[in-house]
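Report on one structure; see the data block that follows.
The values are calculated or read from the model by the stated rules, or taken from the named source; none is laboratory data. Owing to the predicted nature of the structure, the values given are computational and were not obtained by experimental measurement. Note that each Cβ is placed from the backbone with ideal geometry, even for glycine, and that neighbours are counted across all protein chains shown.
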Amino acid sequence: MLATLLRVENLCVHFPQSNEPTIREVSFDLKRGQKTALLGESGCGKSLTALAFLRLLPPRFRATGRAWLGEELDLLQLSEDEIRALRGRRIVLIPQGGMTYLNPVFTIGYQIDEALRRVGVVAPRPRRAKMLELMARVGLPDPPRLARLYPHELSGGMAQRVLLAAGMAGQPDLVIADEPTRGLDEDVKMSCIAVLKDVYRDAAILLITHDFQVAATCESLIVMYAGEIVEAGPTAIVLSHPVHPYTRGLLASLPQNGLWPIPGQPPSMLHPPAGCRFHPRCTMAAEVCSQFTPSLVVRGGVARRCFFA
Amino acid sequence: MLEVFGVTKSFRRGRFQPPHQVLRGVTLHLRRGETLGIVGPSGSGKTTLARIIAGILKPDAGEIKLEGRAATFRTLAERRRVQMIFQQPTLALDPRQSILDAVTEPLLYHRLVRNKRQAIERARELFALTGLHEEIFLRRPAQISGGQAQRVVIARALAMEPELLVADEPTSMLDVSVQAQIIQLLRQLQTRAGLAILLIAHDNLLVQAVCSRYAVLDHGVIVSEQDNALLSSLHLSEEEP
């Protein structure tokens, strides 16, 4: 049995303009040494969920609920100083889009070094050795030369790996990778994921993605739609026997499954539909779906939020 | 209907470096109403080829023929025959122009309609064809979703009544369910209007799912070209426009 590292309970996020929570009742566990994929389409609240328990929400956004790190720390109740002490050390966020998160006026080496200094590796010589080691571990070629380069001299895949290397500075327990493969080529994409899994073997990884291929490499899968978890369970089961109509719709829209589109458009996150948030686009929807909100029910190891699944 | 013979193209890289040869003799052909796929890794020259076929770039050497005659893209009528849709639909639209103007402007410029009123009329038809609703007509590109923007770009291309549509990674920036919607839309337009489509993508699975034939481009040359035996019978869904 793997130890639970992060337990998120009933996490809700309120937008500044609205009273209703936009992200509603998100609960999940992350276990040490396990990779969990958070899958959903753009704007469904995947990143906001992660930012909420990292306490990095934009101004005037409010989060409620609990996020237990280990036994005793509730991330949502910590003071700003306490959470700052955790970020970069026990919790690491690998943001999407390598290029935009690297500072264009500093060298790669300087920026990895900065992460090392922050986690308290002080003496210059071991720090440099450690920096080169980290770069080699993420598969960057010729670290001493590369360390002198500036971000614009790298390709997208390399920039992403630099962020991976910087994230490894503190040997975190919890790693949140937000779309680490966006904009990367097919083969680079899979090798980036392989590096990520290899490097953080003992940590709990939350991989935010909209890519089924990437999600399939994780042990467990959470599917989100319009700010709610609609289905969650072991990846192999969810992908082979999807139960929620949205998960089924997504799978059917893949090229290899015939490109069947889901009718309609995702709802506005400010005014999500009443009842089940998927009902306006659902082929199985009935009267009850527009009036009542289904709750997340676990059956056969898979949680689903649907009256009929 | 489209024949491309030995097209080459290089770009300058600065004074002291040799030019970068992106295309080194590409030859391919496309029949009326057919969908040809072009796949290849990034940097293989896919987009450059697309832009040359659409007449946006001039090749260094080689020839492009439409219906047996060399395409010069000199007259408006000739430029209308090949239209292009882009990878980043929100960047392919003028941020300060409303959705409606994005489609009526080319109609007026090409004198396909007599006045603004007719242009709006025609734009409405095109928006209905591509599944866009009236309420977004006056919005700007930043106020609509990526899928909607791609529909606008497709409507704008169709306004020119093209024979060939060059689709350069039309769905790689979109979510999978939106990808399915856009691809189905292209398929329906193809059967309705007899369009030929050149579909450029990096996703092998996508090309294999929709193209009857596909070519693999690598380092500026076509390394293989084959009929798509795997073409699964594609379902045209009923409910989606």
> Mind checking which residues of region A:250-274 are buried (at least 16 other Cβ atoms within 10 Å of the Cβ) and in contact (Cβ under 8 Å) with a residue 24 or more places away in the chain?
Replying inline: A:250, A:251, A:254, A:266, A:267, A:269, A:272
>> Looking at region A:21-44 only, could you name the residues that are within 14 Å of chain B (Cβ to nearest Cβ) and either of a type in the set (D, E, K, R) or surrounded by fewer than 24 Cβ atoms within 10 Å (Cβ to Cβ) (or both)?
In response: A:41, A:42, A:43
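Suppose we filter region B:39-65 for residues that are assigned to a strand (DSSP E or B) and under 24 Å from residue B:228 (Cα atoms); how many remain?
From region B:39-65, those assigned to a strand (DSSP E or B) are B:39, B:61-65; that's our starting set.
With the extra rule that they be under 24 Å from residue B:228 (Cα atoms), the set shrinks to B:39.
Total satisfying the criteria: 1.
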>> I need every pair where a residue in region B:218-229 that is within 15 Å of residue B:23 (Cβ to Cβ) and surrounded by 10 or more Cβ atoms within 10 Å (Cβ to Cβ) has its Cβ under 6 Å from the Cβ of a residue that is small (Gly, Ala, Ser) and at pLDDT 85 or above, sequence separation at least 6 or different chains.
In response: B:218/B:40; B:218/B:44; B:220/B:45; B:222/B:215
>> Being touching a helix residue (DSSP H, G or I) at 6+ places or on another chain (Cβ under 6 Å), surrounded by fewer than 16 Cβ atoms within 10 Å (Cβ to Cβ), closer than 28 Å to residue A:156 by Cα and in contact (Cβ under 8 Å) with a residue 24 or more places away in the chain is true for just one of B:41, B:95, B:89. Which residue is that?
In response: B:95
>> When the residues of region A:42-63 are narrowed to those that are touching a Phe, Trp or Tyr at 6+ places or on another chain (Cβ under 8 Å) and assigned to a loop (DSSP other than H, G, I, E, B), which ends up nearest to residue A:176 (Cα to Cα)?
In response: A:44
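Looking at region A:274-285, can you tell me whether even one residue there is in contact with a Leu (Cβ under 7 Å, 6 or more places away or on another chain) and assigned to a loop (DSSP other than H, G, I, E, B)?
Taking region A:274-285 as the starting set, the residues that turn out to be in contact with a Leu (Cβ under 7 Å, 6 or more places away or on another chain) are none.
Looking through region A:274-285, none of the residues is in contact with a Leu (Cβ under 7 Å, 6 or more places away or on another chain) and assigned to a loop (DSSP other than H, G, I, E, B).
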> What number of residues in region B:155-189 are part of a helix (DSSP H, G or I) and within 14 Å of chain A (Cβ to nearest Cβ)?
Replying inline: 13
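So which residues in region B:169-208 are more than 24 Å from residue B:29 (Cβ to Cβ) and of a type in the set (A, V, I, L, M, F, W, C), if there are any at all? Let's see the steps before the verdict.
Let us first name the residues in region B:169-208 that are more than 24 Å from residue B:29 (Cβ to Cβ), namely B:171-182, B:184-185, B:188, B:205.
Result: B:173, B:174, B:176, B:178, B:180, B:182, B:185, B:205.
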> Which ones in region B:191-203 are surrounded by fewer than 21 Cβ atoms within 10 Å (Cβ to Cβ) and within 14 Å of chain A (Cβ to nearest Cβ)?
Replying inline: B:202, B:203
>> Give me the residue from region B:204-217 that is in contact (Cβ under 8 Å) with a residue 12 or more places away in the chain and touching a Pro at 6+ places or on another chain (Cβ under 7 Å) and, out of that set, surrounded by the most Cβ atoms within 10 Å (Cβ to Cβ).
In response: B:206
> How many residues, within region A:12-59, are touching a Cys at 6+ places or on another chain (Cβ under 8 Å) and among the basic types (Lys, Arg)?
Replying inline: 2
> Which one of B:168, B:175 is over 20 Å from residue B:34 (Cα atoms) and out of contact with any Gly (no Cβ under 7 Å at 6 or more places or on another chain)?
Replying inline: B:175
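Step by step: first the residues of region B:134-149, then only those that are within 19 Å of residue B:175 (Cβ to Cβ) and assigned to a loop (DSSP other than H, G, I, E, B), then the one that is nearest to the other protein chains (Cβ to nearest Cβ). Which residue is that? Outline the logic, then answer.
Within region B:134-149, the first condition is being within 19 Å of residue B:175 (Cβ to Cβ), and the residues that meet it are B:136, B:141-149.
Add one more test, that the residue is assigned to a loop (DSSP other than H, G, I, E, B), and what stays is B:144-145.
Values: B:144: 10, B:145: 7 Å.
Applying the filter and picking the extreme gives B:145.
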> Taking region A:258-273, which residues are modelled with pLDDT under 85 and hydrophobic (A, V, I, L, M, F, W, C)?
Replying inline: A:269, A:270
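Somewhere in region A:64-77, is a residue part of a helix (DSSP H, G or I) and aromatic (Phe, Trp, Tyr)?
Going through region A:64-77, the residues part of a helix (DSSP H, G or I) turn out to be none.
For region A:64-77, residues part of a helix (DSSP H, G or I) and aromatic (Phe, Trp, Tyr): absent.
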> Would region A:224-236 turn up any residue that is in a loop (DSSP other than H, G, I, E, B), within 12 Å of chain B (Cβ to nearest Cβ), within 18 Å of residue A:46 (Cβ to Cβ) and not small (Gly, Ala, Ser)?
Replying inline: no
>> Give me the residue from region B:100-152 that is over 22 Å from residue A:269 (Cα atoms) and of a type in the set (Asp, Glu) and, out of that set, surrounded by the most Cβ atoms within 10 Å (Cβ to Cβ).
In response: B:101
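Of all the helices (runs of 4 or more DSSP H) wholly in region A:81-172, which have at least 3 residues that are farther than 24 Å from residue A:206 by Cα?
Result: A:108-118, A:124-137, A:143-146.
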